[in-house]
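Worksheet: one structure, shown below.
The values are calculated or read from the model by the stated rules, or taken from the named source; none is laboratory data. Being a predicted model, the structure only gives us computed values, none of them experimental. A quick note on method: Cβ atoms are made from the backbone with ideal geometry, for glycine too, and the neighbour counts reach across all protein chains shown. What goes into the accessible areas is simple: the full protein's heavy atoms, side chains included, and nothing from ligands, DNA or RNA. Shrake-Rupley method; radii C 1.70, N 1.55, O 1.52, S 1.80 Å.
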Amino acid sequence: MALVLVTGASTGLGRGTAEALAADGHDVVVHARNPARITDTARWKGAVFGDLADPDETRGVARQAAGFGRFDAVIHNAGVLGSPDVVAVNVLAPYLLTALMEKPGRLVYLSSSMHRTGSTDLRRLTAGTASYDDTKLWVTALALACAARWDGTSSHAVDPGWVPTRMGGAGAPDDLVAGHRTQAWLATHHDVTPPTGGYWHHQRTQTPHPAALDEDFQARLVRTLETHTGVALD
């Protein structure tokens, strides 16, 4: 049995991931923007609340999560598309939670195939002018940077596919169950190969954007995030 935190777990992929983990007997802590979004709290090990578009509330989520002790896995699922909060939610929030929480056994970050058209111009991060594609490249690079930096913590990025969620739209062609299966598997399975540093789609590894694998870009990204947030990763 694993203790797992899933962010953005009120709907869509996050909800599906949390339900799959709970059905397998794991202790799941769910995150949502506010308590009104989680009406079945008795179903979960616990819940944490905060708007990840607000760095102060993200810090509050980290403090709430600390009350559960060290997590076996944290799944950074929350994300937005076409919003002015795209940098805050898709990049700054997973970075802050990663930096502020006790290192879990496993980290899983939600990426997208669209990361392959993202930009390496990190001035877009500090200026708040990034596209969704940019943010997904950066969070993929963050996932692989953590894999390289932290012994004892595995870290992976996942492309869930274009699935029919509120974000993806009702006409999205991919399978919703397949869209969350990889995250749950990476968080709990005992035989994952590679054990860390993978970019996954439907339980198979793929090759991400070259920048995500580039140690120099990873280091530049981490320095930018540290300066921008005032929080060191290590």
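Could you list, ordered by first residue, the pairs with Cβ atoms under 6 Å in which the first is in the range 53-65 and in contact (Cβ under 8 Å) with a residue 24 or more places away in the chain and under 20 Å from V4 (Cα atoms) and the second is part of a helix (DSSP H, G or I) and open to solvent by 50 Å² or more (accessible area, probe 1.4 Å), at least 6 apart or interchain?
Listed by first residue and then by second, the contacts come to A62/L100.
List every residue pair whose Cβ atoms lie under 7 Å apart, where the two residues are 6 or more positions apart in sequence or sit on different chains, the first residue falls within the range 1-13 and is free of Cβ contacts under 8 Å to residues at least 60 places away in the same chain, and the second residue, located anywhere, is outside any loop (DSSP other than H, G, I, E, B).
So the pair list comes out as M1/D27; S10/A32; S10/R37.
Residue check, T153 against (1) closer than 17 Å to K103 by Cβ; (2) at pLDDT below 95, all met but one. Which one?
In the conditions (1) closer than 17 Å to K103 by Cβ; (2) at pLDDT below 95, T153 misses (2) alone.
Give me the residue from the range 198-211 that is out of contact with any His (no Cβ under 8 Å at 6 or more places or on another chain) and in contact (Cβ under 8 Å) with a residue 12 or more places away in the chain and, out of that set, least open to solvent (accessible area, probe 1.4 Å).
To start, the set of residues in the range 198-211 that are out of contact with any His (no Cβ under 8 Å at 6 or more places or on another chain) comprises 201-207, 210-211.
Add one more test, that the residue is in contact (Cβ under 8 Å) with a residue 12 or more places away in the chain, and what stays is 201-203, 206, 211.
Numbers: H201: 41, H202: 59, Q203: 72, Q206: 74, A211: 11 Å².
Out of the qualifying residues, it is A211.
Output the residues belonging to the range 101-135 that are assigned to a strand (DSSP E or B) and either in contact (Cβ under 8 Å) with a residue 60 or more places away in the chain or open to solvent by 10 Å² or more (accessible area, probe 1.4 Å) (or both). Steps first, answer last, please.
Filtering the range 101-135 down to residues assigned to a strand (DSSP E or B) leaves 106-110.
Residues satisfying the conditions are R106, V108, L110.
Could you check the range 180-197 and list, in sequence order, the residues that are open to solvent by less than 50 Å² (accessible area, probe 1.4 Å) and more than 17 Å from the chain's Cα centre (by Cα)?
V192, P194
Those residues that are touching a residue at least 60 places away in the same chain (Cβ under 8 Å) and either open to solvent by less than 70 Å² (accessible area, probe 1.4 Å) or among the basic types (K, R) (or both), I need them from the range 215-225; list them, please.
F217, Q218, A219, R220, L221, V222, T224, L225
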